[in-house]
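Visitor: One structure, pasted below without further comment.
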Amino acid sequence: MIEPALALVDFSSIASGIEAADAMVKRAPIDTIRAGTVQPGRYLVLIGGAVADVEESLSAGREVGGTSVLDHVFLPNVHPGVVEAITGSRVPDRTDAIGVVETRTAAAAIQAADAGLKSAGVRLVEIRLADGLGGKGIVFYSGTVADVEIAVETGVGALDRPDLLIQRVIIPQLHAEMWDNVSAATPFVQRTGGLG
């Protein structure tokens, strides 16, 4: 598992992303790295490990990536539910309500997911990252209506910039057929499923 720290960097250039990822693993010993291309022609690098090492590695990636860094997130005490959702774990049963936070970047989605989980008694149905989304991220919270409302508001409030939010919705009693569609697998999850 990625604990206690996680970082993700979103690069606009695949070549710069590869170069930066190389610098990241050379700068500090990290426990986990997963990197790859996502639509539309971007490169994501996800790392995990000890807080100081992840922070140092992230710094190297941002330095080398320069202007090709679109966004990044650093979570020194990442909630375990975020790691589970990124690696493909799913909430199998429908609950009272579902909350959706749609962000412009994968990094912003991870940041919102972590803040929301820490603020209320919710679970993550999934975090969808970049592939098939034009580089965006989507967070799905489930729980009671009251808890989902708190998680969505806290997650949105945690974003570094207001322009990173595209939309947020809370849906009480999501229809069973929609639940099946929402909980379907996504391509980037297949890449990150080997973490641990």
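Visitor: Only strands (runs of 3 or more DSSP E) wholly contained in segment 105-196 count here; list those with 3 or more residues that are modelled with pLDDT of 85 or more and under 27 Å from residue 12 (Cβ atoms).
Guide: By residue number, 137-143, 165-172.
Visitor: Still on this structure: Considering only residues that are closer than 26 Å to residue 141 by Cα and aliphatic (A, V, I, L, M), which ones fall in segment 52-87?
Guide: 70, 73, 75, 78, 82, 83, 85, 86
Visitor: Of all residues in segment 31-86, how many are free of Cβ contacts under 8 Å to residues at least 40 places away in the same chain and in a strand (DSSP E or B)?
Guide: Going through segment 31-86 one residue at a time, the tally reaches 5.
Visitor: Kindly check whether there is at least one residue in segment 101-108 that is touching a residue at least 24 places away in the same chain (Cβ under 8 Å) and either aromatic (Phe, Trp, Tyr) or over 22 Å from residue 72 (Cβ atoms) (or both).
Guide: no
Visitor: Which residue, of 42, 27, is farther than 19 Å from residue 160 by Cα, of a type outside the set (Asp, Glu), surrounded by fewer than 18 Cβ atoms within 10 Å (Cβ to Cβ) and touching an Asp or Glu at 6+ places or on another chain (Cβ under 8 Å)?
Guide: 27
Every residue, every condition in (1) touching a Ser or Thr at 6+ places or on another chain (Cβ under 8 Å); (2) surrounded by 19 or more Cβ atoms within 10 Å (Cβ to Cβ); (3) not assigned by TED's automatic domain parsing to the domain that holds residue 127, yes or no:
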{"position": "14", "(1), (2), (3)": "yes, no, yes"}
{"position": "19", "(1), (2), (3)": "no, no, yes"}
{"position": "31", "(1), (2), (3)": "no, no, yes"}
{"position": "37", "(1), (2), (3)": "no, no, yes"}
{"position": "65", "(1), (2), (3)": "yes, yes, yes"}
{"position": "71", "(1), (2), (3)": "yes, yes, yes"}
{"position": "95", "(1), (2), (3)": "yes, yes, no"}
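The values are calculated or read from the model by the stated rules, or taken from the named source; none is laboratory data. Here the structure is a predicted model, which means the values were calculated and not measured. Counting neighbours? That spans all protein chains shown, and the Cβs are built from the backbone with ideal geometry, glycine included.
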